[in-house]
1. What does the extension gain come out to for L116 and S54, with contour length at 0.36 nm per residue minus their alpha carbon separation?
2. Amide H neighbours of L131 under 5 Å, counting only residues 5+ apart in sequence or on other chains, H built in-plane at 1.01 Å?
3. Looking at segment 93-204 only, what percent of DSSP beta bridges run antiparallel? Nearest 5 please.
4. For the pair K77 and Q28, what calculated FRET efficiency results from E = 1/(1 + (r/R0)^6), where r is the Cβ-Cβ distance and R0 = 25 Å, to the nearest 0.05?
5. Would you mind telling me the share, in percent, of accessible area of the chain contributed by carbon and sulfur at probe 1.4 angstrom?
6. Below 8 Å between Cα atoms, with a sequence gap of 6+, how large is the relative contact order for the chain in percent?
7. What percent antiparallel are the DSSP beta bridges of the chain, to the nearest 5?
8. At a Förster distance of 30 Å, what's the computed FRET efficiency of E162 paired with K127, Cβ-Cβ distance as r, to 0.05?
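The values are calculated or read from the model by the stated rules, or taken from the named source; none is laboratory data. Since this is a predicted model, take the numbers as computed values, not measurements. Neighbour counts run over all protein chains shown; Cβ positions are idealised from the backbone, glycine included. The area values use the complete protein model at the heavy-atom level, side chains included, leaving out ligands, DNA and RNA. Shrake-Rupley method; radii C 1.70, N 1.55, O 1.52, S 1.80 Å.
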Amino acid sequence: VSTQSTGNSFHRPEDVLKNLEMTLGELQTPYVDLLLMHWPVSYQAGGDSFPRDSAGDVIDGNVDFIETWRAMEQLPKEKVRAIGLSNFNKSQIERVLKEGKVVPAMLQVELHPLLLQEELVEFCREKGIQLTAYSPLGSPQRPAHLRSPDDPILMEHPIVHEIAKKHNRSPAQVLIRFHIERGVVVIPKSVKADRLKSNLESLDFKLSEEDLQPVSYTHL
């Protein structure tokens, strides 16, 4: 299964298929199972991932994401099995549902017990949109400029450790299982074989309602 995203510099309708063709060539595959619009914002077209002006600011592409979505709806079915969204909020998704023809198959957003987004989760359930959680462990390794010194570290949270000890599991496994219990697809990032194996072992146990409640409220 392959999931890819449209680049922010390829939001013009005439560039959407071009971006897909480039992606298929890079992956050396005839199709992708899922294509996501990475962000509801566009950058200046031209291939540069982050086009900047002389002041160093990213140059806006001035393309309404609805135009991009409609172009995605027209992509050849033999090259794209499903289309979806990433980093969209509820009001933006409502526009897609109202002005587009295809219901997004997937919404990919940051989700974890410190960022529950419960209203968005429930909205997607009602609309039949599957959710994928990225940064499910709270992004403990995110760059310094994206965090402050007093930001909590989710995998060191005492409630998470307590539940992990109860089930003889790691904190990461508890957090991954938390999303599975919510019916959310989870994509923890790792390139190490032992961690990949450990992540898969999150499928081998369940959290009780008692376990889920305290984990759900670690954001308070």
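1. Taking L116 through S54 to full extension adds about 18.5 nm, to one decimal.
2. Residues meeting the criterion, in which the H sits 1.01 Å from N, are L107, V185.
3. So the antiparallel bridges in segment 93-204 amount to around 10 percent.
4. With a Förster radius of 25 Å, E is 0.80.
5. Its accessible area is 51 percent carbon and sulfur atoms.
6. Averaging sequence separation for qualifying contacts and normalising by length gives 15 percent for the chain.
7. Details: 3 of 20 bridges.
Just about 15 percent of them are antiparallel.
8. Details: r = 35 Å, r/R0 = 1.17.
Efficiency for this residue pair is about 0.30.
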